[in-house]
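To start, the structure itself, in structure tokens.
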Amino acid sequence: MNLALFDLDNTLLAGDSDYEWAQFLIETGVLDRDTYEKRNNEFYDQYKAGTLNILEFLDFQLKPLAQYPRAVLDQWHGVYMQKKIHPMMRDSARALVARHAGDVRVMITATNSFVTAPIARLFGIEHLIATEPEQKNGQFTGGVSGQPCFKEGKPARLRAWLAARGETLQSYGKSWFYSDSHNDLPLMALVSDPVAVDPDGKLRAHALAAGWPVMSLNASPTP
């Protein structure tokens, strides 16, 4: 039995679902453009630079969920999937997931599970490990539940998920992790087969130095 782990944003998707969720709310007038767009861009730049304070970002990203009934959020999410997510899904990413059809497949992402659970289902990935928004009585509170699934939090959350199944990473013959980001190096270092997918500069340099495979899901291969 083997394990296949997939990052989502800029790996399986040709873009960032977290960033695009905020942009969707801005474009539909739910969030004030002047207040939120600059901050959304700042957080995205910090993520790419590796300087993101995840708790500050989650405070920004999750608070809007607490302001509306779940039914309304779910309706908005359906429109978001059509407008933002479907255009970012590629046949090459679907094929990569299908290649691991005989393995235990897990999407592991820093983006919260409200945003990502429908995306995992769309890819046909059976398991999701994501940052969990706090809920009370079925409604979001605007807070985060447990450890964010980010940087060192990814291996911690994976270990907890495996432990709940009575497993460890060593329970699997091989373990792949596909990611684009140097933020995922803590988890990539643990699996038997880390794969850099259209990697950022820091991850590309690390992957080449370590002899890890580098692949592209873009129509034109990354040089």
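The values are calculated or read from the model by the stated rules, or taken from the named source; none is laboratory data. Everything quoted here is computed from the prediction, not taken from an experiment. Every residue, glycine among them, receives a Cβ derived from its backbone with ideal geometry; neighbour counts consider all protein chains shown. Accessible surface is based on the protein model in full, side chains and every heavy atom, while ligands, DNA and RNA are left aside. Shrake-Rupley method; radii C 1.70, N 1.55, O 1.52, S 1.80 Å.
Here are the numbers:
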item: Matching option when the condition is open to solvent by 60 Å² or more (accessible area, probe 1.4 Å) and either touching a Ser or Thr at 6+ places or on another chain (Cβ under 7 Å) or closer than 16 Å to LEU8 by Cβ (or both), among SER192, SER181; result: SER192
item: Exclusive hit being touching a residue at least 12 places away in the same chain (Cβ under 8 Å) and closer than 29 Å to ARG165 by Cα, set LEU65, LEU8; result: LEU8
item: Residue satisfying condition, being at pLDDT below 95 and either among the aliphatic types (A, V, I, L, M) or in a helix (DSSP H, G or I) (or both), within set PHE114, PHE60; result: PHE60
item: Inter-residue pairs, beta-carbon under 8 Å, first touching a residue at least 24 places away in the same chain (Cβ under 8 Å) and in segment 16-42, second open to solvent by 60 Å² or more (accessible area, probe 1.4 Å) and among the charged types (D, E, K, R), 6+ apart; result: PHE24/LYS83
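To keep it simple, each residue is scored yes or no on (1) crowded, with 19+ Cβ neighbours inside 10 Å; (2) in contact (Cβ under 8 Å) with a residue 12 or more places away in the chain; (3) touching a Pro at 6+ places or on another chain (Cβ under 6 Å); (4) on the phi > 0 side of the Ramachandran plot.
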site	(1), (2), (3), (4)
GLN135	no, no, no, no
GLY138	no, yes, no, yes
GLY142	no, yes, no, yes
GLY146	no, yes, no, yes
PHE150	yes, yes, no, no
ALA163	no, no, no, no
GLU167	no, no, no, no
